[in-house]
Structure formats: C-alpha cells, structure tokens
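Notes follow once the structure below has been shown.
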Amino acid sequence: MKKSWIVIIIILLVGFLAYSYVKGSYNSMVTLSESVDKQWADVENVYQRRADLIPNLVATVKGYAEHEKETLEGVINARSKATSTTINPGDLSAQNIAAFQQAQQGLSSALSRLMVVVERYPDLKANQNFLELQSQLEGTENRIAVERRKFNESAQAYNTSIKLFPKNLFANMFGFDKKPYFEAQSGAENAPKVEF
C-alpha cells in the first residue's frame with residue numbers, strides 16, 4: 001500500500017514538473033513573440049512620424065518653389081503609398097516586410113529628389129521652418145535605423161528560442177513560426193557614385 005502511494009506521488013510530481021516546463025516554454029515563446037510584435041509597432045511608429053513631417057515640409061518648399069510641382073507631387077504620392085502599406089504584427093512575413101520596405105524606399109527616394117530641388121533655392125535653405133523640419137526629418141531617419149535594429153534583435157531572440165531543443169518541439173506543436181528580419185534594400189552594399 002505504501003509503495004503505491006509513492007508511485008502515485010512520483011507520477012504526480014513528474015506530471016507537475018512536465019506541465020510546468022511546457023507551460024514555461026510556451027509562455028516564454030509568447031513573450032518573445034509579443035516583443036517582436038511590439039518592436040514592429042515601434043518601427044511603424046517612426047515611419048509614421050516621418051510621414052507626418054512631410055506635409056509641413058512640402059508646404060514650406062511649395063512657397064519657395066511653386067514651379068517644382070512634379071517633384072512635390074511625387075513626394076505626396078510616395079507618402080500616400082507609404083502610409084497605406086501597413087502590416088498586422090500577426091502577419092509578419094518576409095514578403096510583407098519587403099512590400100513595406102519598398103513603399104518606404106519610394107518615399108525616401110522622393111524625399112531625396114526634394115532635397116536636390118531645395119539646393120536651387122538659397123532662401124528656402126535659410127528658412128527657419130525648413131531648417132527645423134529638415135532637422136526633425138534627419139532625427140527621424142536615425143530613429144528609423146535604431147528601431148529597425150531593435151526589431152531585428154527581438155526577431156533574433158525569438159527565432160533562436162524557438163529553434164533550440166526541446167523548445168523547437170513545442171514551437172512546432174503550438175504553431176510558433178520564424179519571424180522575418182528587416183533586411184537592407186538590394187544594392188545597399190554598393191557605395192553610391194558621386195560625380196562633380
């Protein structure tokens with residue numbers, strides 16, 4: 001009789017330990033997944049900040065360079081496309097991130113063309129509103145780089161966690177998939193050509 005109680009206690013103890021381990025593994029994967037989703041929201045937040053600065057920048061430039069209509073419309077259209085491309089954190093995939101990145105790259109290119117136009121207008125370059133907006137835009141670009149790096153760090157921690165044994169078994173069982181990284185645009189490894 002005493003042996004059967006010992007066996008029951010050992011079975012219950014092993015069952016409790018197994019349950020605790022699976023529960024802990026599952027909860028840590030959920031926590032890391034939520035961390036990646038939060039970081040993605042932070043990436044989108046700084047991109048939105050950049051998009052919010054653009055109407056003021058365009059309005060300031062428009063006052064000085066009205067005949068640069070094509071460039072200004074290009075910036076407005078690129079902003080519209082960039083702000084309409086969003087990703088639900090639960091649907092992070094390499095293809096969705098690439099589409100988001102492509103829309104943002106279109107906006108970056110349009111802004112670069114706008115800055116080239118600005119060089120033709122010395123009065124605009126000296127305008128205090130323009131200088132402040134340009135400074136905010138530069139700061140936002142730095143924030144974008146920081147948030148993208150943090151997103152990749154979160155994705156790496158999550159991806160590493162779900163690949164390690166025995167968590168990989170639980171990750172497969174509970175449907176935890178690898179999160180994609182925010183990657184550099186193709187051609188970014190080549191230095192731009194500067195000609196004078």
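General observations
- Any hit, region 74-82, residues being touching a Lys or Arg at 6+ places or on another chain (Cβ under 8 Å) and either modelled with pLDDT of 80 or more or over 23 Å from residue 46 (Cα atoms) (or both): yes
- Within region 79-130, the residues that satisfy the criterion of being in a helix (DSSP H, G or I), under 18 Å from residue 59 (Cβ atoms) and not hydrophobic (A, V, I, L, M, F, W, C) are 79, 80, 83, 113, 123, 125, 128, 129.
- Total residues in region 151-176, condition outside any helix (DSSP H, G or I) and of a type in the set (Phe, Trp, Tyr): 2
- Failed condition for residue 50, given (1) free of Cβ contacts under 8 Å to residues at least 24 places away in the same chain; (2) surrounded by 14 or more Cβ atoms within 10 Å (Cβ to Cβ); (3) among the basic types (Lys, Arg): (1)
- Restricting region 60-72 to residues that are in contact with a helix residue (DSSP H, G or I) (Cβ under 9 Å, 6 or more places away or on another chain) and part of a helix (DSSP H, G or I) leaves a set whose member that is surrounded by the most Cβ atoms within 10 Å (Cβ to Cβ) is 61.
- Applying a threshold of 7 Å to beta carbon distances and a minimum spacing of six or more residues, or different chains, the list of pairs starting in region 64-91 at a residue that is in contact (Cβ under 8 Å) with a residue 60 or more places away in the chain and ending at one that is surrounded by 14 or more Cβ atoms within 10 Å (Cβ to Cβ) and in a helix (DSSP H, G or I) reads 64/124.
- Residue among 106, 175, 187, 139 that is on the phi > 0 side of the Ramachandran plot, at pLDDT 85 or above and not basic (Lys, Arg): 175
- Just one of (1) more than 13 Å from the chain's Cα centre (by Cα); (2) surrounded by 15 or more Cβ atoms within 10 Å (Cβ to Cβ) fails for residue 42. It is (1).
- Any hit, region 26-38, residues being acidic (Asp, Glu) and touching a residue at least 60 places away in the same chain (Cβ under 8 Å): no
- Exclusive hit being closer than 17 Å to residue 151 by Cβ, of a type in the set (Ser, Thr, Tyr) and surrounded by fewer than 17 Cβ atoms within 10 Å (Cβ to Cβ), set 112, 93, 84: 93
- Pairs where the first residue, in region 165-176, is over 17 Å from residue 31 (Cα atoms) and the second is surrounded by 13 or more Cβ atoms within 10 Å (Cβ to Cβ), C-beta under 8 Å, 6+ apart: 166/25
The values are calculated or read from the model by the stated rules, or taken from the named source; none is laboratory data. Only a predicted model underlies this, so the values are computations on that prediction, with no experimental measurement involved. Cβ coordinates were reconstructed from backbone atoms using ideal geometry, including for glycine residues, and neighbour counts include every protein chain displayed.
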